[in-house]
Amino acid sequence: MGDPSRHSDAGEVDARGGDGNPAEVDARDGDGSPAEASPSGASGATAASESATDGDALLRVRDLDAGYGDLQILRDVDLDVADGEYVTIVGPNGAGKSTVMKSVFGLTTYMGGTVTFAEEAIHGLAPEEIIHRGVGYVPQNENVFESLSVRENLEMGAYILDDVPEDRIREIYDRFPILEEREGQTAGTMSGGQRQMLAMGRALMLDPDLLLLDEPSAGLAPDLVADMFDRIDKINADGTSILMVEQNAKEALRRCDRGYVLVNGENAYVDSGDALLADEQVRQDFLGG
């Protein structure tokens, strides 16, 4: 679902991005800072062990250990996303936030714990198998095929289908009108905001039940950030569950149903977005007071 990291000339899932240049898969979080694997020692306003949603979760992560090669980044991470829910992961640079997303999508070394989606275990599966189950992923970097046109990028989002449904492309154009205007434009010549909309549009081509968004506002001009968040709100309102990592923590927590704070690869806090924004310790430690 929607990310060049899934495609290679052999039709296999690999760790390539952009125009087939290998995306770096190492011990770094999405911001490029080294992820630390030491215990956080933090105690949350709401205990991480209380993260379970009421009823069945669409995505349920329990005691997840994961990393890159022999280097462990995540330790005993718990996380839930209910059907239709909008969940945000925030935390300091290098906390392992992007590693959580990559781990859910099968792009890291699985070391222990469970990841279930729609009550089926997906830990240890390849990204292509996870896509088939209804998960879409938009990475922070190298998230479009730069040499392909807008339409070709969207068609790549549905590459597992024999025929690309024209009505689905129409739905993406209705959601992101600028993409229809730039249909024949090469993705590499688009602005940062347009590229992000294209990456999200491609990830939505298979109508996923869950959309993983890694730093969707990164690199956007300030006047475009609110618009991007509004578009994500609309995707969620239309029925797609959202799990998002975001550097703009305050805005993300204002908009989400529930937030997780990750520190040194471990759960530190979990609560509603509003409750985390109101928590004095969270504000002091992670939101700039």
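Is it the case that D163 is more than 30 Å from G94 (Cβ to Cβ), within 22 Å of the chain's Cα centre (by Cα) and part of a loop (DSSP other than H, G, I, E, B)?
Spelling it out, it is not the case that D163 is more than 30 Å from G94 (Cβ to Cβ), within 22 Å of the chain's Cα centre (by Cα) and part of a loop (DSSP other than H, G, I, E, B).
Kindly check whether there is at least one residue in the stretch 181-201 that is of a type in the set (A, V, I, L, M, F, W, C), farther than 24 Å from A66 by Cα and without any contact (Cβ under 8 Å) to a residue 40 or more places away in the chain.
Yes, that holds for at least one residue.
Which number in (1) modelled with pLDDT of 95 or more; (2) over 18 Å from V104 (Cα atoms) marks the one condition that Q284 misses?
Only one criterion is unmet by Q284, namely (1).
Just to be sure I understand, how many residues within the stretch 246-259 are in contact with a Phe, Trp or Tyr (Cβ under 7 Å, 6 or more places away or on another chain) and either buried (at least 21 other Cβ atoms within 10 Å of the Cβ) or assigned to a loop (DSSP other than H, G, I, E, B) (or both)?
3
For the stretch 181-192, state whether one or more residues are buried (at least 17 other Cβ atoms within 10 Å of the Cβ) and part of a loop (DSSP other than H, G, I, E, B).
Within the stretch 181-192, one or more residues are buried (at least 17 other Cβ atoms within 10 Å of the Cβ) and part of a loop (DSSP other than H, G, I, E, B).
The values are calculated or read from the model by the stated rules, or taken from the named source; none is laboratory data. Because the structure is predicted, anything quoted here is derived from the model rather than measured. Quick reminder, even Gly has a Cβ in these numbers, built from the backbone with ideal geometry, and neighbours come from all protein chains shown.
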